[in-house]
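The values are calculated or read from the model by the stated rules, or taken from the named source; none is laboratory data. Here the structure is a predicted model, which is why all the values come from computation and not from measurement. With ideal geometry, Cβ positions are generated from the backbone for all residues, glycine too; neighbour counts draw on all protein chains shown.
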């Protein structure tokens, strides 16, 4: 998107780190806009730095002056952590468009119990859920309602004291209750099984625009075994502007009155499970998503223009590429993952051959000679976008095999289960 005088028509800054930020930057950069990143955490800086200029929160604890000086047109946050900062109100006073809802609309992701009550108000199917302030209250709930539960933090945040703990029986739930952190209380959500799926849409100008349906592979190991990891180990994305699986119709469109009332505009993802023949809401997110963001910007012909219009609550004209129908993402996990308390040395990362799809770096850095080495537990994500699901999966696996690091692994069964949506 260059202007007629050769200058950038749009200047966009992302708030984030890691592979998801890099992937969105790369997709937007191909649209001909100026991009940069405000690095919000102290790790996973390499990926964004390979795509454009970066600014660290350590040197710029408050980015507001930075945004003004660099004449940023709009901001894309990769996480909602910006909303919990002490500079949030100052940022919002600048009236720089941001691809995120604000105010009450942010509570759709931030406050799980708020979202649960909203579903009840608008008759949207969802699991039975309860809030407990402490272990005693949690055990009382379990005694009165002996079900398997997913234990979550009531307030969604990258730094929440509880990461989701999936229990498949009441006994498993009971065994966990003495070990969870009750600092912010706990949210007990009835376990709905493994038939999960997601759908991403854009809300703008009081309307809903469906984009994609996606599947995240959240368990650590092949066959959906092991624990649910802090972030997915891979995923599939299908172009779905017509909502072929009925997820938006059942779980987003009933919220349209609230979207309008709360002045919600920005991306929304609903994650749901098929339970007793019905889709039931597990949670809502209000960002492009770690898995979906890089693929969505590749699927849109005019991604920068679409996101720019949504960030200003204008009607977007959405054109999706005819040659990209599916995306496949596979994560290369490092030593000790998903048990992040296990740490190893900084292992060298080697690459054999040229990549034929996007390879996006997470907790990796370069030494003074340009050699790659690990700095944490997640190394890279390979992301392939193709016309068919089979070709996307095949291409992603061909590329992830080109990366080697001691103690690393990746799931070898992406697409063998949980797809099409509703399957186990």
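Among the residues of region 222-243, count how many are within 24 Å of residue 413 (Cβ to Cβ) and touching a strand residue (DSSP E or B) at 6+ places or on another chain (Cβ under 8 Å).
So the count comes out to 15.
Does residue 94 qualify as being more than 22 Å from residue 219 (Cβ to Cβ) and without any contact (Cβ under 8 Å) to a residue 40 or more places away in the chain?
For residue 94, the condition - more than 22 Å from residue 219 (Cβ to Cβ) and without any contact (Cβ under 8 Å) to a residue 40 or more places away in the chain - is met.
When residues of region 54-85 are filtered for being assigned to a strand (DSSP E or B) and under 17 Å from residue 304 (Cβ atoms), how many remain?
Of the residues in that region, 4 qualify.
Look at region 342-396 and say how many of its residues are within 18 Å of residue 235 (Cα to Cα) and under 18 Å from the mean Cα position of the chain (by Cα).
Counting residues in region 342-396 that are within 18 Å of residue 235 (Cα to Cα) and under 18 Å from the mean Cα position of the chain (by Cα) gives 13.
Looking at the structure I just gave you, is residue 94 under 14 Å from residue 36 (Cα atoms), surrounded by fewer than 16 Cβ atoms within 10 Å (Cβ to Cβ) and at pLDDT 95 or above?
No: the conditions fail for residue 94.
Out of region 323-342, which residues are more than 14 Å from residue 408 (Cβ to Cβ) and surrounded by fewer than 12 Cβ atoms within 10 Å (Cβ to Cβ)?
If the condition is that a residue be more than 14 Å from residue 408 (Cβ to Cβ) and surrounded by fewer than 12 Cβ atoms within 10 Å (Cβ to Cβ), then 323, 341 are the ones that fit.
Which members of region 181-234 meet the condition of being touching a helix residue (DSSP H, G or I) at 6+ places or on another chain (Cβ under 7 Å), without any contact (Cβ under 8 Å) to a residue 60 or more places away in the chain and within 28 Å of residue 143 (Cα to Cα)?
Matches in region 181-234: 182, 186, 188.
Any residue in region 371-388 that is surrounded by fewer than 14 Cβ atoms within 10 Å (Cβ to Cβ), under 21 Å from residue 352 (Cβ atoms) and at pLDDT 95 or above?
yes
Only residues that are part of a helix (DSSP H, G or I) and either over 22 Å from the mean Cα position of the chain (by Cα) or closer than 20 Å to residue 196 by Cα (or both): list them for region 246-270, please.
Once the filter is applied, which keeps residues that are part of a helix (DSSP H, G or I) and either over 22 Å from the mean Cα position of the chain (by Cα) or closer than 20 Å to residue 196 by Cα (or both), region 246-270 yields 247, 248, 249, 250, 251, 253, 254, 256, 257, 258, 260, 261.
Spot the failing condition for residue 59; the list is (1) surrounded by 17 or more Cβ atoms within 10 Å (Cβ to Cβ); (2) within 30 Å of residue 349 (Cβ to Cβ); (3) more than 21 Å from the chain's Cα centre (by Cα), and only one is missed.
Result: residue 59 fails condition (1) only.
Considering 184, 207, 172, which residue is closer than 29 Å to residue 412 by Cα, more than 20 Å from the chain's Cα centre (by Cα) and surrounded by fewer than 16 Cβ atoms within 10 Å (Cβ to Cβ)?
Selected residue: 172, the only one of 184, 207, 172 that is closer than 29 Å to residue 412 by Cα, more than 20 Å from the chain's Cα centre (by Cα) and surrounded by fewer than 16 Cβ atoms within 10 Å (Cβ to Cβ).
Take region 322-341 and flag every residue that is closer than 24 Å to residue 298 by Cα, over 22 Å from the mean Cα position of the chain (by Cα) and touching a residue at least 12 places away in the same chain (Cβ under 8 Å).
Correct list: 323 only.
Scan 103, 32 and give me the residue that is surrounded by fewer than 18 Cβ atoms within 10 Å (Cβ to Cβ), at pLDDT below 95 and farther than 30 Å from residue 373 by Cα.
Of the residues listed, the single one that is surrounded by fewer than 18 Cβ atoms within 10 Å (Cβ to Cβ), at pLDDT below 95 and farther than 30 Å from residue 373 by Cα is 32.
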